[in-house]
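See below for the structure under consideration.
The values are calculated or read from the model by the stated rules, or taken from the named source; none is laboratory data. Remember, predicted model here, so these are calculated numbers, not experimental data. Positions of Cβ are backbone-derived with ideal geometry, glycine not excepted, and every protein chain shown enters the neighbour counts.
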Amino acid sequence: MSQYIALTYWDVVLAAVFLVINGALSIWLDLRLERQLAIAAIRMIVQLILIGFVLKALFAISSPWLTGLAALTMGAFAGREIWARQERALSGVWGYGLGGAAMMFAGVLVTTIALTTQIQPDPWWTPRLALPLFGMILGNTMTGVSLGLDTLNSSVHRERPAIEAQLLLGASRWSATAPFVRRALRSGFMPIINAMAATGVVSLPGMMTGQILSGVDPTEAVKYQLLIMFLIGGATGFGVLLAVLGNIWRLTDERHRLRLDRLRDAK
Amino acid sequence: MLQVTDLIRAGVGPVSFGLEMGQCLAVTGPSGAGKTLLLRAIADLDPNQGSIHLNSQERRALAAPQWRTKVGLVPAETGWWADTVADHFSRPDDAAQLLEALGVPGDALNWQVQRLSTGERHRLAIARALQLEPDVLLLDEPTAALDKQATRRVETVLRGQLKAGKAIVLVTHDAAQLKRLAHSQIALSGGKASAQEPVG
């Protein structure tokens, strides 16, 4: 039984009035946020309308190659976002490549396993299921990886004297940097831990809310949401671990030196 | 013997010198000449080229952590990674006597690092390096922040190290200290090293 209520464009415009009021308040209170609000809102409108058309076309064509290409494009944008969110990223191709590769590896692995063993659409790469699932997993993994890498690089840069003091007393690069690696891993895991703890009490997740609004039974929506949260948690864990360990390997060398020359200057 | 041959790192070199065990080599030169970078290169803390032998053993034959326990560098500004002083020593129970010799109260091991003065930090950094019993000490202006009495105590400890057969590479701006401790010297200017000369 579907209780889905279709929206008109007029309904969407009416909802945007609240944002316009916020913009007006910004001008009145001299917050100077109205321009940023307007640009962000316009970007969102354009991006969502475009992705709506792209997804409609991808679902209609239903090609594994185009589905893969779409996933790769999403990964490339997310990789760039990881790089841009770090105050001091690794320089050169490592800055963009390491975080992006770790995120893609974790995202593709977890999404593929979920599609082939749990959701099991036919074919398993059905874009209507694969792309939204991959997008949710990728978005959350991206947040974790960028937070983890930013914490690692900033703290290692700041604590250079303490790390080198330990190296000078015969510590290996792994033991001298271990507290900073642990801190970075905690930082990367924190958003998904907080999200899991608050889900269902403080907030109803967007996907579950969307399913309920579309008329799906709430207990069925909860099952899907639990599946998604476990997948996101797993992918975030793999992605953060790979990215942070790869980053600290690159920030040191085989002679157990700290190689801050491999970091780009602070933004 | 510590034999450094054609040591090059960005901004410094080539530098060559030989240092017998039980002797002290002073490294002099104006600020920015590359003295600190030279000590870091010997300790293999920065990428560098050239060869270094300690008692005929090539540096590259040893893992870097092992090399750094044989060649102990005490930088001018050292780092601290734990809350209390004792946490920075490999054997805190045996450190009190060493601290007293350097003019720091033995109970300083129980202090918070935050309460240490600059001079105390310098001497504690020397103490924690000495506890590893390195064959060579690389000291970057070890007494720059100390008064005369504390400087004398540190120099007494360093003379004891030389008598025990250890070698010291000492960066100093203090001409009198150079004469009191060093057997030979090299001068750095713009990263270039002069020939090694005896002191005196």
- [ ] Restricting attention to the stretch A:216-253, report how many residues are surrounded by fewer than 21 Cβ atoms within 10 Å (Cβ to Cβ) and either charged (D, E, K, R) or assigned to a loop (DSSP other than H, G, I, E, B) (or both).
- [x] 6
Task: Residue tally, condition touching a Ser or Thr at 6+ places or on another chain (Cβ under 9 Å), without any contact (Cβ under 8 Å) to a residue 40 or more places away in the chain and closer than 27 Å to A:Tyr224 by Cα, over the stretch A:177-194 - done: 1
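Can you tell me how many residues within the stretch A:199-215 are over 29 Å from A:Ser146 (Cα atoms) and surrounded by fewer than 18 Cβ atoms within 10 Å (Cβ to Cβ)?
Here is the first cut: in the stretch A:199-215, the ones over 29 Å from A:Ser146 (Cα atoms) are A:211-215.
Remaining after also requiring surrounded by fewer than 18 Cβ atoms within 10 Å (Cβ to Cβ): A:212-215.
Number of matching residues: 4.
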TODO: Return only the number of the condition from (1) more than 15 Å from A:Gly68 (Cβ to Cβ); (2) in contact with a helix residue (DSSP H, G or I) (Cβ under 6 Å, 6 or more places away or on another chain); (3) not aromatic (Phe, Trp, Tyr) that A:Thr111 does not satisfy.
DONE: (1)
Open item on the list: If I go through the stretch B:52-91 residue by residue, how many of them are within 9 Å of another protein chain (Cβ to nearest Cβ), within 20 Å of B:Leu170 (Cβ to Cβ), in a loop (DSSP other than H, G, I, E, B) and modelled with pLDDT of 90 or more?
Closed with: 1
TODO: Within the stretch A:254-263, work out how many residues are in contact (Cβ under 8 Å) with a residue 12 or more places away in the chain and surrounded by fewer than 16 Cβ atoms within 10 Å (Cβ to Cβ).
DONE: 1
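Pick out the one residue from B:Leu162, B:Leu158 that is buried (at least 20 other Cβ atoms within 10 Å of the Cβ), touching a residue at least 60 places away in the same chain (Cβ under 8 Å), on the phi < 0 side of the Ramachandran plot and more than 14 Å from every other protein chain (Cβ to nearest Cβ). Break it down stepwise before answering.
Details: B:Leu162 fails: buried (at least 20 other Cβ atoms within 10 Å of the Cβ).
Result of the check over B:Leu162, B:Leu158: B:Leu158.
So which of B:Glu133, B:Glu141 is in contact (Cβ under 8 Å) with a residue 60 or more places away in the chain and on the phi > 0 side of the Ramachandran plot? Spell out the reasoning first.
Details: B:Glu133 fails: in contact (Cβ under 8 Å) with a residue 60 or more places away in the chain.
Every option except B:Glu141 fails the conditions.
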Task: Unmet requirement for B:His122, which otherwise passes all of (1) assigned to a helix (DSSP H, G or I); (2) closer than 24 Å to B:Gln3 by Cβ - done: (2)
TODO: State the number of residues belonging to the stretch A:74-104 that are in contact with a strand residue (DSSP E or B) (Cβ under 8 Å, 6 or more places away or on another chain) and surrounded by 21 or more Cβ atoms within 10 Å (Cβ to Cβ).
DONE: 3
Open item on the list: If a residue must be in contact with a helix residue (DSSP H, G or I) (Cβ under 9 Å, 6 or more places away or on another chain), closer than 28 Å to A:Thr252 by Cβ and not basic (Lys, Arg), how many such residues does the stretch B:1-33 contain?
Closed with: 10
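Report, by residue number, each residue of the stretch B:37-51 that is within 12 Å of chain A (Cβ to nearest Cβ) and among the polar types (S, T, N, Q).
The first filter runs over the stretch B:37-51 and keeps only residues within 12 Å of chain A (Cβ to nearest Cβ), leaving B:39-48.
Within the stretch B:37-51, just B:Asn48 meets the criteria.
Can you pull out every residue in the stretch B:105-124 that is more than 18 Å from B:Arg159 (Cα to Cα) and hydrophobic (A, V, I, L, M, F, W, C)?
First pass over the stretch B:105-124, keeping only residues more than 18 Å from B:Arg159 (Cα to Cα): B:105-121.
Scanning the stretch B:105-124 gives B:Ala108, B:Leu109, B:Trp111, B:Val113, B:Leu116.
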